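Visitor: Pasting a structure below so you can have a look.
FYI, it's all coordinate maths here, none of it is from the lab. If you're wondering where the values come from, they're calculated on a predicted model, not measured in any experiment. All Cβ positions, glycine included, derive from the backbone under ideal geometry; neighbour counts span all protein chains shown.
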Amino acid sequence: METTYDVRVWQIETGSGHRRVSYGARWSVAGERHRKTFQTYALADGFRAELLTATHNGEPFNVSSGLPERREPRASSVGWYDFAVQFTDAQWPHASANHRKNTARTLMIVTTALMNRDPPGVHPRRVRTALSEWAFSTGRRDDAPEDVTVLLGWVRRHTPTMDAWNDPAAVQDVLLVLGTLLDGRRAAASSVKRHRRVLNLLMKYAIDCGVLLVNPLPKGRGSMPKTTTAIDRRCLLNPQQAAALLCWIRDRPRGGRRLHAFFATLYFTGVRPEEAIALRAADLVLPDPASSDQWAEIIVHAAEPEIGRQWTDNGTSHEPRCLKGRAEGETRIVPCHPVLVCVLRESRRDEHLNPSDRLFPGEKGGILAGSVYRRMWDHARREVLPQDVYESLTGRRVYDLRHTCLTAWLKSGIPPAQVAEWGGTSVAMLFATYAHCMSGQDAELRRRLDGAHDVVGPYLAA
């Protein structure tokens, strides 16, 4: 392979097309001119910087390709499907179950967008299932049924090489698909951001592997949709609604009291559902029944989010994890209201729980399934709330019980640092999430302002 050190690199050239402005990196190798077009100036400048670095380091350039020999990408010789599978396997050992699931979904969407045509006689849903449930699941791929293996073989043959990412139009097409739902509606900004995060990780991996020279995805302000962590105040329950829902659940003949204790704990302590189902009976520190102080404490030490058995290492639907935002082994203590203490005392007695048993077991003593408590909560809302309220955002998700609790703590005047500690979050995230929910205090705040301006007001009036 012929190489040379006769290299010249010029400034970025700007060109305008019918649809968009393009930016070209220009250089010559052994007198032969080369030009590579990019969608943004940043991409073109990054590629140019790669060329300049190679010349300064004294690296030889390939005469035929015009690229540094040691930096020559292998994009044209690596298929997208094979590389996506390789990326999945590289991420798998160190990724959480939820990240594995999100990665598989993103790669499934990108793969279907890059295919030049659909498999003949196969419903698109089967293709999506084969990709997300088998191809991009390291733990299940080798056990795929024969029909799925045949289908994935067809997909592998009909997806392009990684060189497709050097085409700005192809990149735009993929990003458009990532931002659109199957029915044509715009995808949620949080979903688009999650997809882009996974795709950026893949591009970084491609660069590290020498498959691509630069990340082809657009960067900078405006390239990512805006997202917010603030909750909608309409999802919060008032005390009357919460009481009615909890009482209705308590009176259900099958599992009502057990689920009533679970929902009441979310409402009074603000723990996350995945933290509540991980609690053991020993984590409830009850006061002496003869004591005048009937407040208790709950020691929150783990979370078990429900992801799906194909994504976890233990083969179950729930993944044991440490507390969100905390180191392995850290715990937090949450106060337990006397009303909740009575509920939990009865629940422990009725379920005959040992200290090592789950505080909120499933019907057969195992882990409480998300489908069970979500179905009960929806049934309660439908039966208790008026039709217009049921169809609204009010308490639509079980997680809204946590939002209601933390908002009530803040409105009660509890210092934000303490609320953040009890809720297992940061003060900054607390304000970003619940600042818009602090309503109903306008009159009191105006009275405080009156006191602050007692001196200034008469002075200006004079």
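Visitor: Can you give the calculated 222 nm mean residue ellipticity of the chain, where each DSSP H run of n ≥ 4 adds -39,500 (n - 2.57) and the sum is split over every residue, rounded to the nearest 500 deg cm²/dmol?
Guide: Estimated from H runs of four or more residues: -13500 deg cm²/dmol.
Visitor: Quick check of the Kirkwood formula: for segment 242-398, what is the inverse mean of 1/r over all pairs of different Cα atoms, in Å?
Guide: In segment 242-398 this quantity evaluates to 16.5 Å.
Visitor: Neighbour counts of other C-beta atoms within 10 Å: give me THR37, THR106, THR53 arranged from fewest to most.
Guide: THR53, THR37, THR106
Visitor: Kindly put MET115, MET429, MET162 in sequence by how many other C-beta atoms sit within 10 Å of each C-beta, fewest to most.
Guide: MET429, MET115, MET162
Visitor: Relative to the first principal axis of the alpha-carbon coordinates of the chain, what is the inclination of helix 41-56, with its axis defined by its Cα atoms, in degrees from 0 to 90 and to the nearest 10?
Guide: Relative to the chain, helix 41-56 is tipped by roughly 60 degrees.
Visitor: Right, here's the next one. May I ask you to derive the relative contact order of segment 26-123, considering only C-alpha pairs under 8 Å and at least 6 residues apart, and to give it as an integer percent?
Guide: It comes to 15 percent, rounded to a whole number.
Visitor: Which Cα, out of VAL398, VAL343, ALA420, lies furthest along the positive dipole direction of the chain (beta carbon charges, K/R +1, D/E -1)?
Guide: VAL398
Visitor: Compactness ratio of segment 3-72: Cα Rg over 2.2 N^0.38 Å, N = residue count?
Guide: So the Cα radius of gyration is 1.12 times the expected 2.2 N^0.38 Å.
Visitor: Something else now. Can you find, among ALA276, THR265, THR316, the residue sitting farthest towards the positive end of the charge dipole of segment 262-339, where Lys and Arg contribute +1 and Asp and Glu -1 at Cβ?
Guide: THR316
Visitor: Also, I was wondering about something else. Compute from the Cα atoms of segment 77-208 the Rg and the Dmax, the latter being the longest Cα-Cα distance, and quote both in angstrom.
Guide: 14.0, 39
Visitor: What list do you get for SER137, SER392 if you sort them by fewest beta carbons within 10 Å?
Guide: Ascending number of Cβ neighbours within 10 Å: SER392, SER137.
Visitor: Using the crude model of +1 on Lys and Arg Cβ and -1 on Asp and Glu Cβ, and no other charge, please compute the dipole size for segment 138-293 relative to its Cα centre, in debye to 20.
Guide: 520 debye
Visitor: Same structure again: Quick one: Karplus J couplings for segment 96-113, per residue in order, coefficients 6.51, -1.76, 1.60, θ = phi - 60°, nearest Hz, x for Gly and Pro?
Guide: Calculated HN-Hα couplings, in order: 6, 4, 5, 5, 4, 5, 5, 4, 4, 5, 4, 5, 5, 5, 5, 5, 5, 6 Hz.
Visitor: Can you give the charge dipole size of the chain about its Cα centre, rounded to the nearest 20 debye, using +1 on the beta carbon of Lys and Arg and -1 on the beta carbon of Asp and Glu?
Guide: The calculated dipole for the chain is roughly 1000 debye.
Visitor: Right, next: Please state the relative contact order of the chain as a whole percent: Cα pairs under 8 Å, 6+ residues apart?
Guide: Taking the mean separation of contacting Cα pairs over the length of the chain, I get 13 percent.
Visitor: What longest range of the chain stays clear of loop-exposed chymotrypsin sites (Phe, Trp or Tyr not before Pro) (DSSP non-H/G/I/E/B, at most 15 other C-beta within 10 angstrom)?
Guide: With a cap of 15 other Cβ atoms within 10 Å, the longest stretch comes to 11-294.
Visitor: Still on this structure: How long are the semi-axes of the equivalent ellipsoid of segment 1-148, taking √(5λ) for every eigenvalue λ of the Cα gyration tensor, in whole Å from largest down?
Guide: 39, 19, 15
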